[in-house]
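Okay, so here's the structure we're looking at.
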Amino acid sequence: MFRKYIPSLLLFLLFELVAITLWIAKYNIFYLLNFSYIGGCLALGTALFTAGKCYARHFVQLAVGSYMLLYLGIISCENMQIEGFWYYLFLGVFEAATIHYAVAKIFGPLLFGRGWCGYACWTAMVLDFLPYKQPKKPRKEKLGVLRYVMFVLSLAVVLSLFLMKIANLERIMFWIFLGGNTFYYIVGIVLAFVFKDNRAFCKYLCPVTVFLKPMSYFSLLRVHCDENKCIHCGKCLKVCPMNVEVNKESRKRKNGTECILCYECTKVCPTKALH
Ligand code: SF4
Ligand code: SF4
Ligand code: SF4
């Protein structure tokens, strides 16, 4: 009974390890509270998921996503977008956005893949409430190149601000955070309706995927397929919001680095081939 909740406990302990390490290393209790809160939400959410609660993933998305957007982003004025990552990187400061990227989007995906995208992203927490949970149109693979355009643009904007030695850069980064998020929400919602796919923004435009995709290729946590049990009914492919060819075991399966660990596929598999 209790054994099935061990992964949730381990997840919490992993975040506690990060929380305590950063607290001691940076002499700042914020890191203890921040990572304990996020780890607690993730552990509770995965436990709810294990207990079969259908709202588990939305719960975590809202609890973590709104905390990061409203408290860290708007109240504490930390630019947690990719522009904020470049900003703190150029300043040489190991602060919120840099730590956030290192944990959630660069090194973390080696352990938990694109768990960030499934359980914590404040953009997707809104997009996932739109009507197209299962894509209604075929994926436009070639549009994925737009993510690299967005990635280079975000870098170019911040680099230009530094090169031009603009005054009040910190304040400007805050406004870029507000403007960037508003832009992401509007474009994300428009794309969802145009492509009849809630996650169209994630698939084509999100610049963060330039980090997430290669790192999650090596993810320890992933959906496995026992191909001997698969009867090729195609149900998993139909429900997958990210068009992952999940009925193949290989890491090279089509769109394998798109998996957001939502586990919708495992719920519908009639032969329990996915786990
Ligand atoms: S792909 Fe981008 S927008 Fe989508 S969930 Fe991941 S980080 Fe968020
Ligand atoms: S449905 Fe399965 S393969 Fe698709 S994103 Fe969710 S967990 Fe990954
Ligand atoms: S739902 Fe299960 S049985 Fe059907 S194709 Fe997917 S893995 Fe195979």
Cβ-Cβ distance below 8 Å, separation of 6 or more or different chains: which pairs start in the stretch 137-148 with a residue that is assigned to a helix (DSSP H, G or I) and end on one that is of a type in the set (A, V, I, L, M)? 146/205; 147/205; 147/210; 148/210
The stretch 80-130 - residue that is in a helix (DSSP H, G or I) and in contact with a Lys or Arg (Cβ under 8 Å, 6 or more places away or on another chain) and, of those, nearest to ligand 2 (Cβ to nearest atom): 118
Answer yes or no: is there a residue in the stretch 55-73 that is surrounded by fewer than 19 Cβ atoms within 10 Å (Cβ to Cβ) and modelled with pLDDT under 90. no
Within the stretch 190-275, considering only helices (runs of 4 or more DSSP H) that don't extend past its boundaries, which have at least 1 residues that are within 11 Å of ligand 3 (Cβ to nearest atom), among the β-branched types (Val, Ile, Thr) and under 24 Å from residue 11 (Cα atoms)? 264-268
Exactly one condition in (1) within 18 Å of residue 11 (Cα to Cα); (2) assigned by TED's automatic domain parsing to the domain that holds residue 182; (3) in contact with a Leu (Cβ under 6 Å, 6 or more places away or on another chain) is not met by residue 86; state its number. (1)
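Given the structure, is residue 166 more than 16 Å from ligand 1 (Cβ to nearest atom), surrounded by 14 or more Cβ atoms within 10 Å (Cβ to Cβ) and modelled with pLDDT under 95?
no
Out of all the residues in the stretch 103-117, which are over 8 Å from the mean Cα position of the chain (by Cα) and surrounded by 20 or more Cβ atoms within 10 Å (Cβ to Cβ)? Working first, answer last.
Going residue by residue through the stretch 103-117, those that are over 8 Å from the mean Cα position of the chain (by Cα) are 103, 106-113.
Matches in the stretch 103-117: 108, 109, 112, 113.
With respect to residue 239, is the statement that it is more than 15 Å from ligand 1 (Cβ to nearest atom), under 15 Å from residue 118 (Cα atoms) and either outside the structural domain of residue 204 (by TED's automatic domain parsing) or surrounded by 14 or more Cβ atoms within 10 Å (Cβ to Cβ) (or both) true?
Values: more than 15 Å from ligand 1 (Cβ to nearest atom): yes; under 15 Å from residue 118 (Cα atoms): yes; either outside the structural domain of residue 204 (by TED's automatic domain parsing) or surrounded by 14 or more Cβ atoms within 10 Å (Cβ to Cβ) (or both): yes.
Yes: the conditions hold for residue 239.
The values are calculated or read from the model by the stated rules, or taken from the named source; none is laboratory data. Just so we're clear, the structure is a prediction, and the values are computed from it rather than from any experiment. Cβ coordinates were reconstructed from backbone atoms using ideal geometry, including for glycine residues, and neighbour counts include every protein chain displayed.
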